[in-house]
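Worksheet: one structure, shown below.
The values are calculated or read from the model by the stated rules, or taken from the named source; none is laboratory data. Worth saying up front: this structure is predicted, and the values here are computed from it rather than measured. Cβ placement follows ideal geometry from the backbone for every residue including glycine, while neighbour counts extend to all protein chains displayed.
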Amino acid sequence: MQHGDYPHWSRDTIRYGDTDRQGHVNNAVFSTFLETGRVQFLMNSGRPIRAPGTNFVIARLVLDFKAEMLWPGEASIGTRVKSIGRSSFTLEQIVMQGDTVTAAGETVMVMVDESTRKSCPLPEASIAALKEMQVAP
């Protein structure tokens, strides 16, 4: 894994309150770090992915723990697009502390119409923005 393998990077602070009895970052906090990366990726105003009147929901989230994280410190979250479907796309993410990959996640995101609360097709502009961040085949 190289830093350039993930076109979008976010950072989050590891807080003392994120730790558990063993003194490492609690496993639930890893999902929060993935959320930080996902939200910053999706809401980047320079490359909007969400169309007006739509939102995203998570249909699937897989999280693999690779190494412990310790306080104090910072989490770096890499995000890239794995695949794009008709109304959904899959994100791949990693969480790092320093040079250590501490977790890897895969999330399926579905675009939904805010009024009907049902899935809707991704607009061409959304697909184009996602392709810019897609993993090379």
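Quick notes on this structure:
Here is a yes/no grid of residues against (1) charged (D, E, K, R); (2) surrounded by 14 or more Cβ atoms within 10 Å (Cβ to Cβ):
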| site | (1), (2) |
| --- | --- |
| His8 | no, yes |
| Thr13 | no, no |
| Asp20 | yes, no |
| Val39 | no, no |
| Gly78 | no, yes |
| Ser88 | no, yes |
| Met96 | no, yes |
| Asp99 | yes, no |
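- Test: Ala51 is exposed (fewer than 15 other Cβ atoms within 10 Å of the Cβ), outside any strand (DSSP E or B), among the aliphatic types (A, V, I, L, M) and in contact (Cβ under 8 Å) with a residue 12 or more places away in the chain: no
- Hits in region 4-38 - residues which are more than 12 Å from Ile94 (Cα to Cα), charged (D, E, K, R) and in contact with a helix residue (DSSP H, G or I) (Cβ under 9 Å, 6 or more places away or on another chain): Asp12, Arg15, Asp18, Asp20
- Test result for Thr54, of a type in the set (S, T, N, Q) and farther than 12 Å from Ala104 by Cα: yes
- So Ala129, is it at pLDDT 95 or above and among the hydrophobic types (A, V, I, L, M, F, W, C): no
- Residue match in region 32-47 (condition: over 19 Å from Tyr6 (Cβ atoms) and touching a residue at least 12 places away in the same chain (Cβ under 8 Å)): no
- Scope region 79-103; condition farther than 18 Å from Ala136 by Cα, small (Gly, Ala, Ser) and under 16 Å from the mean Cα position of the chain (by Cα); matching residues: Ser88, Ala103
- Listed by position, the strands (runs of 3 or more DSSP E) inside region 57-126 whose residues that are modelled with pLDDT of 95 or more and aromatic (Phe, Trp, Tyr) number at least 1 are 88-97.
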